[in-house]
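Got a structure here, written out as structure tokens. Questions coming.
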Amino acid sequence: MNDFLKIEGLKAQIDADGTPKEILKGLDLNIPKGEVHAIMGPNGSGKSTLSYVLAGREEYEVTGGTASFKGQDLLELEPEERAALGVFLAFQSPVELPGVNNANFLRTAVNAVRRARGEEELDAVAFLKLAREETARLSMSGEMLKRAVNVGFSGGEKKRNEVLQMRLLQPSLAILDETDSGLDIDALRIVAEGVNSLRGPDFSALVITHHQRLLEYIVPDRVHVMAHGRIIHSGGPEVATQLEKQGYKQFLEAAQ
Amino acid sequence: MPAVSETREAVEKLARSKYEWGFETDVEMDLAPKGLNEDIVRLISARKNEPQWMLEWRLKAFRQWQEMDEPQWAKIKHPPIDFQDAHYFAQPKKKPGPKSLDEVDPELLKTYEKLGIPLHEQEMLAGVEGAGERTPVAVDAVFDSVSVATTFRKTLAEAGVIFCPISEAIIEHPELVKQYLGSVVPVGDNFFSALNSAVFTDGSFVYVPKGVRCPMELSTYFRINARNTGQFERTLIIAEDQATVSYLEGCTAPQRDENQLHAAVVELVAMEDASIKYSTVQNWYPGDENGKGGIYNFVTKRGICKGDRARISWTQVETGSAITWKYPSCILAGKGSVGEFYSVAVTNGHQQADTGTKMIHLAPDTRSTIIAKTISAGESDSTYRGLVRMQPKARNGRNFTQCDSLLIGDQCGAHTVPYIESRNMSARVEHEATTSKISEDQLFYCRSRGFSEEEAVGLIVNGFCREVLKELPMEFAVEAQKLLQISLEGSVG
Ligand SMILES: Nc1ncnc2c1ncn2[C@@H]1O[C@H](COP(=O)(O)OP(=O)(O)OP(=O)(O)O)[C@@H](O)[C@H]1O
Ligand SMILES: [Mg+2]
């Protein structure tokens with residue numbers, strides 16, 4: 001069996017000022033081991049919601065369906081357990097942690113995950129060496145490590161910091177929620193390289209994006225179109241090109 | 001919390017006791033009878049072999065106290081304290097301690113471990129019998145241990161620093177004590193200072209002579225000793241011209257005490273170009289889950305920058321006690337002198353804290369900085385209360401105040417009460433205040449990176465307190481960080 005990430009009929013809602021609002025309305029998605037899939041969809045279709053539900057955000061109540069990862073029921077696990085299992089979410093809007101030193105945050109995170117995975121923890125020296133290599137690879141200034149997590153980071157710097165975390169935590173499933181938004185052209189290439197170099201038989205990714213351009217750098221195995229809380233169409237990389245040219249209209253009409 | 005059960009037990013035991021306390025003054029006695037009157041004051045003074053002038057001083061204080069009323073202005077609530085229902089000379093009888101760590105409450109040990117306290121220190125803190133004698137050099141900083149006290153004293157004596165129990169200073173250095181005791185916190189300053197002046201039994205005395213930089217932080221020493229400190233501590237620190245000293249009080253390990261009421265007085269005197277840094281980590285027993293049995297901590301701490309360019313810095317991390325009432329203050333009397341107050345106050349459960357500072361600018365070019373971080377969780381309530389006063393002569397006086405509150409959950413309260421009195425046009429006072437909550441976004445972000453919820457709270461809180469924690473001596477800062485996390489365990493979710 002090549003079931004890696006397997007989502008069936010997933011429904012989720014959020015409490016919107018007292019009234020439940022359904023956002024995911026029976027979503028099906030399979031990502032086999034080693035594959036990179038992309039999701040594209042109009043604003044508000046539920047892409048970020050899907051990523052939050054997969055990462056374990058409690059405000060989103062799952063009301064139906066299943067989601068399993070590596071054969072485990074993902075929905076039963078705490079967010080930190082999912083992280084240990086290899087799920088990583090690069091946030092669409094990375095969160096600021098005032099006063100929390102970035103290097104310290106990264107090292108604690110890396111070691112929390114390594115501990116949970118039964119791996120040896122990194123000491124300060126080993127970690128710093130690794131972190132320096134990775135920041136250099138992402139063309140980030142080493143100064144970013146000394147600052148408070150995401151505080152005062154530019155939009156692009158925040159996104160790079162997400163990719164830095166991904167690389168350090170070495171996930172087996174990376175969910176990238178619009179990581180390309182706000183990146184300049186060079187940064188886009190650098191970030192794509194950061195993802196591509198992780199590609200391999202044990203690494204899968206779900207790349208959420210609005211831009212076909214990213215998918216020229218990170219060439220996906222499959223592209224899914226999402227609308228109104230469902231996957232309404234799936235195909236190869238050509239779907240992205242088609243969307244770029246014609247927009248969502250045809251897919252939306254076909255789905256009705 | 002681990003210390004909780006032990007303390008509760010101890011407190012209950014004391015309450016249940018049907019023991020008839022004899023009024024005797026022989027060496028065997030552990031406790032004076034309950035109540036406070038002139039005879040008790042005389043007894044305390046006699047037990048400490050004090051000279052007549054000290055007894056007179058105490059009696060005067062006692063008479064003054066009798067005329068005073070408990071202050072009511074703080075935002076704290078507690079059942080009335082019956083001051084006659086306490087022992088004022090109470091050196092609790094040494095109960096036979098556990099023989100080894102195996103006999104100690106494993107919960108307590110778990111907390112020590114989380115704090116990263118070395119094993120031999122754990123023994124000492126847990127009161128394992130003979131722990132003091134067996135421990136190696138690094139830890140034998142026990143107050144009672146004669147050999148170590150000697151080592152410490154030798155180094156300090158070579159530098160000319162006097163560091164001894166206040167009771168000893170009264171006998172050995174009466175001129176210094178007479179000159180300075182009560183000079184910063186007058187006996188009648190407030191109800192609790194008057195009480196302390198009448199009945200204090202413990203505390204330390206530090207004298208750093210002119211031009212001397214104290215060769216060691218007076219810290220490790222006290223970290224252990226703190227376990228034995230009594231309920232009415234009295235500390236007096238004097239730094240002569242160009243002298244420098246850093247003093248650390250308290251202990252990150254949860255401390256239990258049979259005495260519910262604590263009323264300490266600390267006085268600091270800094271002469272010309274002298275610098276005194278006073279750091280506190282307070283983690284007294286906060287009471288059970290219903291807030292019962294916790295320590296009431298009413299503290300008066302004040303320093304005076306007597307000489308020009310003197311500097312006094314208070315740093316405190318307050319996590320314990322059922323009630324904290326405490327305002328470490330600076331009187332800036334010397335030209336260009338500097339006062340600083342860095343504070344973290346954490347309340348959880350049913351704890352109440354009313355804490356802050358006073359910066360009294362008397363002289364020109366004086367500067368003060370106040371950074372107060374308040375963290376409230378559970379059903380606790382916390383108030384920052386601060387006074388900045390610029391007297392007419394404080395030309396070009398400067399104050400910067402920043403008060404930040406962090407709320408965890410929605411049943412707690414945080415309040416900021418700043419008093420600003422400026423009688424001087426050239427003085428400048430700046431005040432900034434923020435209130436925030438730990439957001440779900442922040443918690444989820446951390447957890448998605450592998451942190452447990454508690455680790456995430458600890459991380460965010462430590463970030464919030466960073467400006468204050470960095471003022472603590474290095475090794476203590478590390479323990480304080482862990483302490484913050486432990487204090488807030490179970491506060492979310
Ligand atoms: N906390 C919330 N309260 C109310 N509505 C919410 C909440 N969170 C999400 N929604 C709604 O759910 C829908 C899906 O939001 P989501 O962020 O998942 O969209 P998206 O596909 O990621 O959009 P975008 O492309 O703009 O990032 C939107 O209509 C949004 O307003
Ligand atoms: Mg989105």
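Check which residues have an amide H placed less than 5 Å from B:S436's amide H, if you skip close sequence neighbours.
B:S405, B:L406, B:L407
While we're here: Give me the inter-chain shielding for A:98-106: mean count of other chain Cβ atoms within 10 Å, whole number please.
For this peptide, the per-residue mean of nearby foreign Cβ atoms is 5.
Roughly how many nanometres apart are two label points built 7 Å out from the Cα toward the Cβ at B:Q52 and B:E421?
Label at B:Q52, label at B:E421, 4.0 nm between them.
Would you kindly derive the ³J(HN,Hα) couplings of the stretch B:268-274 from the backbone phi angles with the Karplus curve 6.51 cos²θ - 1.76 cosθ + 1.60 (θ = phi - 60°), listing them in order in whole Hz, with x for Gly and Pro?
10, 10, 10, 8, 3, 6, 7
How far is helix A:124-137 tilted off the main Cα axis of chain A, in degrees rounded to 10, range 0 to 90?
50
For A:S204, what residues show an amide H to amide H distance below 5 Å, using hydrogens built from the backbone and excluding near sequence neighbours?
A:G34, A:L173, A:A174
May I pose another question? Quick one: angle between helix A:102-116 and the longest Cα principal axis of chain A, in degrees between 0 and 90, rounded to 10, please.
The helix A:102-116 is inclined about 70 degrees to chain A.
For A:H211, B:H78, what's the largest-to-smallest order of accessible area, 1.4 Å probe?
Per-residue accessible area, sorted high to low, gives A:H211, B:H78.
When all protein chains stay in place, what accessible area (Å², nearest 10, 1.4 Å probe) is found for B:D39?
Its accessible surface works out to 90 Å², give or take rounding.
Further question on the same structure: Run the 1.4 Å probe and let me know the accessible area of A:R117, rounded to the nearest 10 Å².
Ignoring ligands and nucleic acids, A:R117 comes out at about 70 Å².
Given points 7 Å out from each Cα along the Cα-Cβ axis, report the A:A136 to B:E432 separation in nanometres with one decimal.
Going by the 7 Å Cα→Cβ label model, 3.6 nm.
Ok, one more. Considering the convex hull of the alpha carbon atoms of the stretch A:5-255, report its projected area averaged over all viewing directions, in nm², one decimal.
The orientation-averaged projected area of the Cα hull of the stretch A:5-255 comes to 13.7 nm².
Averaged over peptide A:108-119, how many Cβ atoms belonging to another chain are found within 10 Å of each residue's Cβ?
Mean number of neighbouring Cβ atoms from other chains: 3.
Ordered by packing density, taken as the mean number of other Cβ atoms within 10 Å over each peptide's residues, highest first, how do A:74-80, B:68-74 rank?
Ranking, from highest mean packing down: A:74-80, B:68-74.
Could you tell me which of A:A103, A:V53, A:L77 has its Cα farthest along the dipole of chain A towards the positive end, charges placed at Cβ (Lys, Arg +1; Asp, Glu -1), taken about the Cα centre?
A:A103
How much mean residue ellipticity at 222 nm does chain A get from its helices, if each DSSP H run of length 4 or more adds -39500 (n - 2.57) and you divide by all residues, to the nearest 500 deg cm²/dmol?
Result for chain A, helices only: -11000 deg cm²/dmol.
In percent, what relative contact order does chain A have, based on Cα pairs under 8 Å that are 6 or more apart in sequence?
Over chain A, the number comes to 26 percent.
While we're on this one: Amide H neighbours of B:T280 under 5 Å, at least 5 residues apart or on other chains, H built in the peptide plane: list them.
B:E249, B:T315, B:Q316, B:V317
Taking the Cα atoms only, what angle lies between the long axis of helix A:155-169 and the longest principal axis of chain A, rounded to 10 degrees?
80
Please report how far the C-alpha centroid of the stretch B:178-213 lies from that of the stretch B:360-429, rounded to the nearest whole angstrom.
For the stretch B:178-213 versus the stretch B:360-429, the Cα centre distance is 25 Å.
What figure, in Å² to the nearest 10, do you get for the accessible area of A:S154 with a 1.4 Å probe and non-protein molecules left out?
Its heavy atoms expose roughly 60 Å² to the probe.
Here's something else I'd like to know. If you count, for every residue in B:466-474, the Cβ atoms of partner chains within 10 Å of its Cβ, what is the mean?
On the way: counts 5, 1, 0, 1, 1, 0, 0, 0, 0.
What the average comes to for B:466-474 is 1.
For B:F400, B:F464, write out the residues from largest to smallest accessible area, computed with a 1.4 angstrom probe and no ligands counted.
Per-residue accessible area, sorted high to low, gives B:F400, B:F464.
What is the spin-label model distance, in nm, from A:T66 to B:K60 if the labels are put 7 Å beyond Cα along the C-beta direction?
Going from the A:T66 label point to the B:K60 one covers 8.5 nm.
The values are calculated or read from the model by the stated rules, or taken from the named source; none is laboratory data. Since the model is a prediction, treat every value here as computed from it, not as a measurement. With ideal geometry, Cβ positions are generated from the backbone for all residues, glycine too; neighbour counts draw on all protein chains shown. Areas reflect the complete protein model, heavy atoms only, side chains present, ligands, DNA and RNA absent. Shrake-Rupley method; radii C 1.70, N 1.55, O 1.52, S 1.80 Å.
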